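I have placed the structure first, in the form of structure tokens, so that the comments after it can refer back to it.
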Amino acid sequence: MGLTEGRGPALWTNPAQIIRDMAPDQPVMAFAPAVLRAQARRFIQGFPGLVTYAVKANPDKRVIRTLAGAGIGGFDVASPAEIDLIGRLAPGAARHYHNPVRSRSEIAHAVAAGVRVWSVDSFSELEKLFDALPKGSEIAPRFKLPIKGAAYDFGSKFGATPQVAAELLRSVAARGHIPSLSFHPGTQCTDPLPWDGYIRMAAEIAHMADTPIHRLNVGGGFPSHRIAGATPDLESIFRQIAKSVQVFDRAPQLVCEPGRGLCADAFSLITRIKAIRNSDIFLNDGVYGGLTELPQIGNLDRIQVLTPQGLPRDGNVTPRTIFGPTCDSIDRLPGELALPGNVCEGDFVVFHGAGAYSTVTNTHFNGFGQLSQVSVKAFS
Ligand SMILES: *Cc1c(COP(=O)(O)O)cnc(C)c1O
């Protein structure tokens, strides 16, 4: 339990108020439900199909409940624990089990829980599904292409070649299940064109298999706002997807499963400067805490430095090396981060857009990682 839990209002005004009132010495993750609701609306209004949420990005109960309340009707789940979590928190919602590798006991758990939609990327795993699934289940072979455009291709572990995907698709239909297709273009994909390449290939796979598909899941990968001045253009991606799907003779229904694109910008991480050694900055959080994925996908540079009075530091910026609190040398942010030259020990560094793959991967390594969670009305 962190410093701020149980103290202060249930809903803070903004990070500056938390800093002024609490001067938290441990990292604090501030969640703005209003921002998450607005982002859910943006996806629901803009995406030409069903919007589901990839639970692994941030399985916080408040996130799941807020999204369900905002009209997100489905969730991409990857484990029995995620299946049960959604069953409890959003009982009416669809659950798509899109981890293409599962043990037989995990499959049995999902069948018993009423999961009806699955992805797969190999014949061995498809046979396991055939052994356990009731007829008429929806099975989406997942394929991959050597297309670049994402910040980090964490999907490269999964995905069949187009030829194998076509054979899988044909078997799915032959066994009396509902054939669909899926892909994931890689996370933080800012360029709309990879979706075009994948959607064209999906049409080709359906053609090769001579099997019309029921739905096409165009993955997650939708970008969040990570770089100051580079606002992600989700609407261009939505338009590209709507246009590209016209290559099908009979266009399938579309599904997307954003994780990061929905949740990241609804959170800001409040860290504190423990020490300034020469010009190196030591924060109270780092790559074992709320900033885990930065070495993988690059710095989150939407940062603000606030004094303990909650006022912005606005000196000329200079590049600084930023270390986390643990004794491990890899606990440093990639490259350098531009901070105001007049930063002081005891100041706060707020990282905006920090809600994806952060709280859920936070560790307690070396006795750190005492991350508290609070809610805010807004970030400024
Ligand atoms: C992780 C994952 C997602 C979410 O990816 P983001 O890049 O966070 O949008 C979606 N679908 C599957 C199958 C995933 O594994």
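Only one residue in Val255, Val247 is within 22 Å of Val172 (Cβ to Cβ) and within 14 Å of the ligand (Cβ to nearest atom), so which one is that?
On the way: Val247 fails: within 14 Å of the ligand (Cβ to nearest atom).
Checking each option against the conditions leaves just Val255.
Considering (1) modelled with pLDDT under 95; (2) out of contact with any Pro (no Cβ under 8 Å at 6 or more places or on another chain); (3) within 16 Å of the ligand (Cβ to nearest atom), say which one Asp301 fails and leave the rest.
(3)
Can you name the residue in the stretch 224-243 that is closer than 15 Å to Gly46 by Cα and free of Cβ contacts under 8 Å to residues at least 60 places away in the same chain and, of all such residues, is farthest from the ligand (Cβ to nearest atom)? Step through it out loud before you land on a result.
Narrowing the stretch 224-243 to residues closer than 15 Å to Gly46 by Cα: 232-243.
When the remaining residues are screened for being free of Cβ contacts under 8 Å to residues at least 60 places away in the same chain, the result is 232-233, 236-237, 239-240, 243.
Working: Pro232: 12, Asp233: 16, Ser236: 16, Ile237: 12, Arg239: 18, Gln240: 16, Lys243: 21 Å.
My answer is Lys243.
Do we find a residue being at pLDDT 95 or above, of a type in the set (Phe, Trp, Tyr) and within 16 Å of the ligand (Cβ to nearest atom) anywhere in the stretch 310-330?
no
Is there any pair linking a residue in the stretch 198-211 that is among the polar types (S, T, N, Q) to one that is crowded, with 16+ Cβ neighbours inside 10 Å, with Cβ under 6 Å and at least six apart or on different chains, and which?
Filtered contacts from the stretch 198-211: Thr211/Leu169; Thr211/Arg170; Thr211/Ala173; Thr211/Pro179.
Of the residues Pro48, Pro91, which is within 22 Å of the chain's Cα centre (by Cα), modelled with pLDDT of 95 or more and exposed (fewer than 15 other Cβ atoms within 10 Å of the Cβ)?
Values: Pro48 fails: exposed (fewer than 15 other Cβ atoms within 10 Å of the Cβ).
None of the others qualify; the one that does is Pro91.
Which of the residues spanning the stretch 23-38 are in contact with a Ser or Thr (Cβ under 9 Å, 6 or more places away or on another chain) and either buried (at least 18 other Cβ atoms within 10 Å of the Cβ) or assigned to a loop (DSSP other than H, G, I, E, B) (or both)?
Listed by number, the residues that qualify are Pro24, Gln26, Pro27, Val28, Met29, Ala30, Phe31, Ala32, Pro33, Leu36.
Failed condition for Gly149, given (1) within 16 Å of the ligand (Cβ to nearest atom); (2) on the phi < 0 side of the Ramachandran plot; (3) surrounded by fewer than 22 Cβ atoms within 10 Å (Cβ to Cβ), with all others met?
So the condition that Gly149 fails would be (2).
Go through the stretch 113-126 and give me each residue that's exposed (fewer than 12 other Cβ atoms within 10 Å of the Cβ) and either over 21 Å from Ala54 (Cα atoms) or aromatic (Phe, Trp, Tyr) (or both).
Step one: filter the stretch 113-126 for residues exposed (fewer than 12 other Cβ atoms within 10 Å of the Cβ), giving 114, 124.
Hit for the stretch 113-126 is Ser124, nothing else.
Could you name every one of the helices (runs of 4 or more DSSP H) located completely within the stretch 217-301 that has at least 3 residues being surrounded by fewer than 24 Cβ atoms within 10 Å (Cβ to Cβ) and outside the structural domain of Pro141 (by TED's automatic domain parsing)?
Details: elements: 234-244, 260-263, 294-297.
So the answer is 294-297.
On the basis of being touching a helix residue (DSSP H, G or I) at 6+ places or on another chain (Cβ under 6 Å) and among the aliphatic types (A, V, I, L, M), does Ile178 make the cut? Talk me through it step by step, then tell me what you get.
On the way: touching a helix residue (DSSP H, G or I) at 6+ places or on another chain (Cβ under 6 Å): no; among the aliphatic types (A, V, I, L, M): yes.
Judged against the criteria, Ile178 is not a match.
Just wondering, is there one or more residues in the stretch 309-317 that are out of contact with any strand residue (DSSP E or B) (no Cβ under 6 Å at 6 or more places or on another chain), surrounded by 14 or more Cβ atoms within 10 Å (Cβ to Cβ), assigned to a loop (DSSP other than H, G, I, E, B) and not assigned by TED's automatic domain parsing to the domain that holds Thr187?
There is at least one residue in the stretch 309-317 that is out of contact with any strand residue (DSSP E or B) (no Cβ under 6 Å at 6 or more places or on another chain), surrounded by 14 or more Cβ atoms within 10 Å (Cβ to Cβ), assigned to a loop (DSSP other than H, G, I, E, B) and not assigned by TED's automatic domain parsing to the domain that holds Thr187.
For Gly197, only one of the following conditions fails: (1) surrounded by fewer than 24 Cβ atoms within 10 Å (Cβ to Cβ); (2) over 18 Å from Pro146 (Cα atoms). What is its number?
In the conditions (1) surrounded by fewer than 24 Cβ atoms within 10 Å (Cβ to Cβ); (2) over 18 Å from Pro146 (Cα atoms), Gly197 misses (2) alone.
Pairs under 6 Å by beta carbon, first residue not assigned by TED's automatic domain parsing to the domain that holds Lys61 and of a type in the set (Lys, Arg) in the stretch 20-32, partner surrounded by fewer than 23 Cβ atoms within 10 Å (Cβ to Cβ) and modelled with pLDDT of 95 or more, six or more apart or different chains?
Final answer for the pair search is Arg20/Gly310.
When you look at Cys327, is it farther than 23 Å from Ala16 by Cβ and more than 28 Å from the chain's Cα centre (by Cα), yes or no?
Numbers: farther than 23 Å from Ala16 by Cβ: yes; more than 28 Å from the chain's Cα centre (by Cα): yes.
Yes; evaluated as a whole, the condition is true for this residue.
The values are calculated or read from the model by the stated rules, or taken from the named source; none is laboratory data. Since we're looking at a predicted model, the values are computed, not measured. Glycine also receives a Cβ, built like all others from the backbone with ideal geometry; neighbour counts cover every protein chain displayed.
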